[in-house]
Amino acid sequence: MSFSRRALLKASAATAVLGGIGAPFVARAQQAEFTYKYANNLPDAHPMNVRAKEMAAAIKTETNGRVDLQIFPNNQLGSDTDMLSQIRSGGVEFFTLSGLILATLVPAASINGIGFAFPDYDTVWKAMDGDLGGYIRKEITKANLVVMDKIWDNGFRETTSSSKPINGPDDFKGFKIRVPVSPLWTSMFKAFDAAPAPINFSEVYSALQTKIVEGQENPLAIISTAKLYEVQKYCSLTNHMWDGFWFLANRRAWEKLPEDVRTIVAKNINAAGVNERADVAKLNAGLRQELAGKGLTFNQPDVAPFREKLRSAGFYAEWKGKYGDEAWALLEKAVGKLS
Ligand code: X2X
């Protein structure tokens, strides 16, 4: 007889003896067997956290209360850098992290962020649910983390600024821009002769507010839900890279779950990820207008000169060398020739 079943029987016996005041015993017996923390860096209002709540509820129901997933949004448990060490040590059991930041541990995981590689979402999902994503997940697994099959959407990234719009690559010269903590991001903005400052997302709003940096880059869904429009004036639709969040699990915690429970948890996480992708797409469609209404001035630069600048700076050749031929071939199979 399993522990929980025995506990439940004991509790029912207690209820029978104690009558009405037995209720607390029953409540204790129904406590989850696995109380796991899921941490992330995004505001409550972002589709990631909306779908995560729904997912946690479904997991609880389908496991008959055995798994209680507690969500800690908005860097409540620390910056991405902190949470990455917590997922490795088991301080948190689940964590969503941009592949580009995960690349500090798994170098291949930043490859989808190569500048101007992806033309549209169709190409993104085909690659990330296909061979390129499969390759990255294999590399993540080698680093002893568990990764779910479906990557969640962050989005195509746009550039915001308090000082000026970005119309072409020359506007990046000397531009003080916050980038996430990731070698690829720093390298790309250095190739534009900008002055990139690696800062965790938990510090971005205040870094913009106090003008430690002039600008930053993020998808519209984040510019909106994290209220970055309050501390920025311009939004240039540079669409310079696509970024997504891998749903990671601590290996020991994952392996503690019985196989049938793992199946339920993975199924619900992947389904929530697919729904989140649709939410972000829908949100993005209306956000240009909404954010313009909140005071952001938009412009849509031609991307060809940016791409040409990266090429002539040797950016593609350098990163092809770093990722190696196998990974680069998978990327080019998805998006076409890059260098
Ligand atoms: O840090 C960022 O800018 C964010 C929220 O987009 C990521 O998680 C990469």
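The values are calculated or read from the model by the stated rules, or taken from the named source; none is laboratory data. The structure displayed is predicted, hence computed values, not measured ones. Glycine gets a Cβ as well: all are built from the backbone with ideal geometry, and neighbour counts include every protein chain shown. The protein model used for the area step is the full one, side chains on, heavy atoms only, and it has no ligands, DNA or RNA in it. Shrake-Rupley method; radii C 1.70, N 1.55, O 1.52, S 1.80 Å.
In terms of packing, defined here as the mean over residues of other Cβ atoms within 10 angstrom, the peptides 305-313, 148-156 line up highest first as 148-156, 305-313. The three principal axes of the Cα atoms in the chain give end-to-end lengths of 79, 45, 31 Å, sorted in falling order. Which angle from 0 to 90°, rounded to the nearest 10, does the C-alpha axis of helix 47-62 make with the longest principal axis of the chain? Roughly 20 degrees between the two axes. Descending by average beta-carbon neighbour count within 10 Å, the peptides 164-170, 241-247 line up as 241-247, 164-170, the highest first. Within the shell of other residues whose beta carbon sits under 10 angstrom from the beta carbon of Leu257, the net charge comes to -2, with Lys and Arg scored +1 and Asp and Glu -1.
Computed packing ranks the peptides 39-52, 286-299 as 39-52, 286-299, most packed first, by mean other Cβ atoms within 10 Å. About its Cα centre, the chain has a charge dipole of approximately 700 debye under the convention of +1 per Lys or Arg Cβ and -1 per Asp or Glu Cβ, with nothing else charged.
Compactness of the stretch 41-173 was expressed as the Cα radius of gyration divided by 2.2 N^0.38 Å, which yields 1.22. Protein heavy-atom surface of the chain, 1.4 angstrom probe: 53% of the accessible area is carbon and sulfur, with nucleic acids and ligands not counted. For the options Gly215, Gly90, Gly115, a Gaussian network treatment of the chain with springs between C-alpha atoms closer than 10 Å singles out Gly90 as fluctuating the most. Taking each DSSP H run with n ≥ 4 as -39500 (n - 2.57) and averaging over every residue of the chain yields -14500 deg cm²/dmol at 222 nm. With contacts taken as Cα pairs under 8 Å at a separation of at least 6 residues, the chain carries a relative contact order of 23 percent.
If you count the DSSP beta bridges with both ends in the stretch 26-102, what percent of them are antiparallel, to the nearest 5? Once the DSSP bridges in the stretch 26-102 are tallied, antiparallel ones form about 0 percent.
With one equal scatterer per alpha carbon and no solvent term, the Debye-computed log10 I(q)/I(0) for the stretch 138-241 at 0.11, 0.14, 0.19 1/Å reads -0.36, -0.56, -0.92. Of all DSSP-defined beta bridges confined to the stretch 131-289, some 75% are antiparallel rather than parallel. For the chain, the solvent-accessible area of protein heavy atoms averages 43 Å² per residue (probe radius 1.4 Å; ligands and nucleic acids excluded). Among beta bridges identified by DSSP and lying wholly in the chain, the antiparallel ones come to about 55 percent. Setting aside same-chain residues fewer than 8 positions from Lys333, which lysines have a Cα under 21 Å from its Cα? The qualifying lysines are Lys126, Lys138, Lys150, Lys320, Lys322. If you run the Gaussian network model on the chain, springs between alpha carbon atoms under 10 Å, then out of Phe201, Phe94, Phe34 the most flexible one is Phe34. Here the dipole of the stretch 103-241 is about 340 debye; that uses its Cα centre as origin and unit charges on the Cβ of Lys and Arg (positive) and Asp and Glu (negative). The local environment of Val213, defined by Cβ-Cβ distances under 9 Å, has a net charge of +2 under the rule Lys, Arg +1 and Asp, Glu -1.
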